[in-house]
Amino acid sequence: MQVTQQDVEAVIQVALEAAALVTRMRADGLGAVRSKDSEINLVTEADVASERYIQEALAQRYPNVGLWGEESNTMPSGDYFWVVDPIDGTSNFAHNLAYYAVNIALQHGEETLLGVTVNPVLGRVYYARPGAGAYVRTTDGQTSRLQVSAVERLRNAFLATGFPYHRDHAADNNLAELGELLPRCNDVRVLGAAALDIAHVAQGVLAAFWEGWLNPWDAAPGVLLVREAGGQATDYWGQEWRLRSSSLIASNGQPGIHDSLLEGITRARRGLAESLLPAPR
């Protein structure tokens with residue numbers, strides 16, 4: 001399957017329409033909020049409606065491409081499939097905090113062929129194709145090529161991270177990593193939407209982002225953005241991030257940033273009584 005700019009524009013349009021849908025639902029009072037596998041892992045009517053809309057809209061144009069979405073969570077059998085997060089940052093959305101995204105990637109197995117991340121609040125569209133660069137488009141139609149930051153030292157690095165839903169009952173919950181890295185960097189933000197955090201690494205706003213227990217739909221579009229913007233994306237063991245990786249470090253690729261994060265995270269995790277992150281095979 002050859003992905004063209006026409007395909008990029010078609011997927012952007014679907015993502016923008018889904019973003020408009022969740023914005024309307026937010027304005028109308030959101031609808032029901034319920035918990036999934038824990039009290040703090042929320043899903044809303046808007047999540048379900050957005051995924052259904054994306055699935056139907058993409059199926060009309062690409063009938064032979066399956067879909068693996070956060071809410072349906074059924075892995076397709078075909079080689080080509082979409083990975084979709086209908087609202088990344090649902091807790092932010094549910095609490096009316098304006099930092100969440102619609103996330104869509106096209107996969108050929110492990111290879112990401114197209115990534116689109118839309119910020120519904122600001123109307124910003126981040127998109128990338130392999131070898132074609134990464135871009136951001138604003139509501140006035142202006143498009144800029146993304147480039148990671150040039151920060152070289154961890155001491156000067158502005159970072160972001162997130163925490164797993166099991167943080168209330170397991171010691172392996174990113175607090176050790178935060179305690180190790182926070183004193184050594186410029187600052188760390190916990191913003192609650194990995195899709196936008198990773199896009200901001202590609203944009204050069206953040207020097208790096210790290211988190212464990214991300215799902216493919218959280219990270220796949222952003223990893224492509226970062227790589228196409230000149231950055232680096234690995235797991236906590238330094239291996240290239242793949243669709244089923246259990247952890248992610250996305251950075252500007254500077255050794256003083258990426259290698260320092262790898263070293264700091266390794267050092268922090270050595271002190272854990274138990275690791276809940278499976279090591280790569």
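The values are calculated or read from the model by the stated rules, or taken from the named source; none is laboratory data. None of the values given here were measured: they were computed from a predicted structure. Don't worry about glycine lacking a Cβ; one is built from the backbone with ideal geometry, like all the others, and counts go over all protein chains shown.
Laid out as a table, the results:
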{"quantity": "Residue match in region 236-244 (condition: free of Cβ contacts under 8 Å to residues at least 24 places away in the same chain and part of a strand (DSSP E or B))", "calculated": "yes"}
{"quantity": "Within region 245-265, considering residues that are part of a loop (DSSP other than H, G, I, E, B) and over 22 Å from Glu152 (Cβ atoms), the one modelled with the highest pLDDT", "calculated": "Ser245"}
{"quantity": "Any hit, region 200-211, residues being among the aliphatic types (A, V, I, L, M), assigned to a loop (DSSP other than H, G, I, E, B) and within 28 Å of Leu272 (Cα to Cα)", "calculated": "yes"}
{"quantity": "Subset of region 74-96 that is assigned to a strand (DSSP E or B) and in contact (Cβ under 8 Å) with a residue 60 or more places away in the chain - its residue that is nearest to Gly29 (Cα to Cα)", "calculated": "Ile87"}
{"quantity": "Subset of region 217-244 (residues that are among the small types (Gly, Ala, Ser), under 16 Å from the mean Cα position of the chain (by Cα) and surrounded by fewer than 24 Cβ atoms within 10 Å (Cβ to Cβ))", "calculated": "none"}
{"quantity": "Test result for Gly133, touching a residue at least 12 places away in the same chain (Cβ under 8 Å), more than 17 Å from the chain's Cα centre (by Cα) and at positive phi", "calculated": "yes"}
{"quantity": "Qualifying strands (runs of 3 or more DSSP E) (wholly inside region 97-165; at least 2 residues being more than 14 Å from Val226 (Cα to Cα))", "calculated": "101-108, 111-119, 124-129, 143-145, 158-161"}
{"quantity": "Condition met for Ala219 (in a strand (DSSP E or B) and either touching a helix residue (DSSP H, G or I) at 6+ places or on another chain (Cβ under 8 Å) or β-branched (Val, Ile, Thr) (or both))", "calculated": "no"}
{"quantity": "Identity of the residue in region 245-281, touching a Phe, Trp or Tyr at 6+ places or on another chain (Cβ under 6 Å) and farther than 20 Å from Val148 by Cα, that ends up surrounded by the most Cβ atoms within 10 Å (Cβ to Cβ)", "calculated": "Ser247"}
{"quantity": "Positions within region 266-281 being in contact (Cβ under 8 Å) with a residue 40 or more places away in the chain and either in a helix (DSSP H, G or I) or among the charged types (D, E, K, R) (or both), in sequence order", "calculated": "Arg267, Ala268, Arg269, Glu274"}
{"quantity": "Selected residue [out of contact with any strand residue (DSSP E or B) (no Cβ under 7 Å at 6 or more places or on another chain) and within 30 Å of Ala10 (Cβ to Cβ)] from Ala176, Ala132, Ala171, Ala150", "calculated": "Ala132"}
{"quantity": "Close pairs from region 56-72: first under 13 Å from Gln107 (Cα atoms), partner of a type outside the set (Gly, Ala, Ser) and in a loop (DSSP other than H, G, I, E, B), Cβ under 7 Å, at least 6 apart", "calculated": "Gly66/Pro76; Leu67/Pro76; Trp68/Thr74; Trp68/Met75; Trp68/Pro76"}
{"quantity": "Neighbours by Cβ (under 7 Å, 6+ apart or cross-chain): first from region 186-211, within 24 Å of Ala94 (Cβ to Cβ); second of a type in the set (Asp, Glu) and not in a helix (DSSP H, G or I)", "calculated": "Ala193/Asp88; Ala194/Asp88; Ala194/Glu211; Ala195/Asp85; Ala195/Asp88"}
{"quantity": "Residue check, Ala171 surrounded by fewer than 19 Cβ atoms within 10 Å (Cβ to Cβ) and outside the structural domain of Tyr100 (by TED's automatic domain parsing)", "calculated": "yes"}
{"quantity": "Selected residue (only one of Ala94, Ala105, Ala128 is crowded, with 17+ Cβ neighbours inside 10 Å, closer than 29 Å to Thr44 by Cβ, at pLDDT below 95 and of a type in the set (A, V, I, L, M))", "calculated": "Ala94"}
